1. List, in order, the whole-Hz ³J(HN,Hα) value for each residue of the range 89-94 obtained from phi through the Karplus relation with A = 6.51, B = -1.76, C = 1.60 and θ = phi - 60°; use x for Gly and Pro.
2. What lysines sit close enough to residue 115 to cross-link, taking a C-alpha to C-alpha distance under 21 Å and skipping anything fewer than 8 places away on the same chain?
3. 5 Å is the cut-off here: which amide hydrogens, built 1.01 Å from N in the peptide plane, fall below it relative to residue 43, excluding neighbours closer than 5 in sequence?
4. In what order do 97, 31 fall by count of nearby beta-carbon atoms within 10 Å, going from fewest to most?
5. Which order do the peptides 98-104, 4-10, 48-54 come out in when sorted by mean C-beta neighbours inside 10 angstrom, highest first?
6. Please tell me the relative contact order of the range 5-118 in percent, rounded to the nearest whole number, where contacts are Cα pairs under 8 Å and at least six residues apart.
7. Given that just one value was derived from the coordinates, which of (i) 56, 18, 11; (ii) 25, 16, 13; (iii) 20, 17, 13 is semi-axes √(5λ) of the Cα gyration tensor in Å?
8. Less than 13 Å apart at the alpha-carbon level, and either on another chain or at least 8 residues along: which aspartates and glutamates does that give for residue 71?
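Each value in this text was obtained by applying a stated rule to the coordinates, not by laboratory testing. Please read all numbers here as calculations on a predicted model, not as lab measurements. Cβ placement follows ideal geometry from the backbone for every residue including glycine, while neighbour counts extend to all protein chains displayed.
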Amino acid sequence: MDNMVERIYILTRQGRAYTEEGCQKVIKLVDEWLGLAEDFQVLQGEKYNDSTVLGKELLDYAGESRLEALKCCIAISCEKIHLLGGTDHNIKGFIADAEEHPYLSSWEIFMEEIKTLEE
């Protein structure tokens, strides 16, 4: 597969970094779901809970369709780990929501999206 995940963004409520064991669990989930590029990065921490920062980075990874959008994956941590692919829809929706609700963290914005998907 040509387009495999190059970047995994891990978001937590408080913007904390995962332990090495937690990162490995996320990496395994992403690899099983979408596949990983040979060289991939795991990005996490408080910086990415700033929706402006995350939105700018995600724009570089937006794909036109689900099949093309495998260059990034967003892992949202709560009771379980939710994975969202970097589709054009997910990324542009996130950016629009961040502009509409600038007081929300990246984690909060994606959690609202997950709630909508689960309804």
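1. For the range 89-94, the Karplus-derived couplings read 4, 5, 6, 5, x, 4 Hz, x marking Gly and Pro.
2. Counting by Cα, and skipping residues close in sequence, residue 115 has these lysines nearby: 80, 92.
3. 8, 9, 10
4. Working: 97 19, 31 15.
With the sparsest Cβ surroundings first, the list reads 31, 97.
5. Working: 98-104: 12.1, 4-10: 20.9, 48-54: 18.4.
With the highest mean Cβ count within 10 Å placed first, the list reads 4-10, 48-54, 98-104.
6. Numbers: 177 pairs, mean separation 35.3, N = 114.
After rounding, I find 31 percent.
7. Given (i) 56, 18, 11; (ii) 25, 16, 13; (iii) 20, 17, 13, the calculated one carries the label (iii).
8. Counting by Cα, and skipping residues close in sequence, residue 71 has these aspartates and glutamates nearby: 2, 6, 31, 38, 39, 57, 60, 88.
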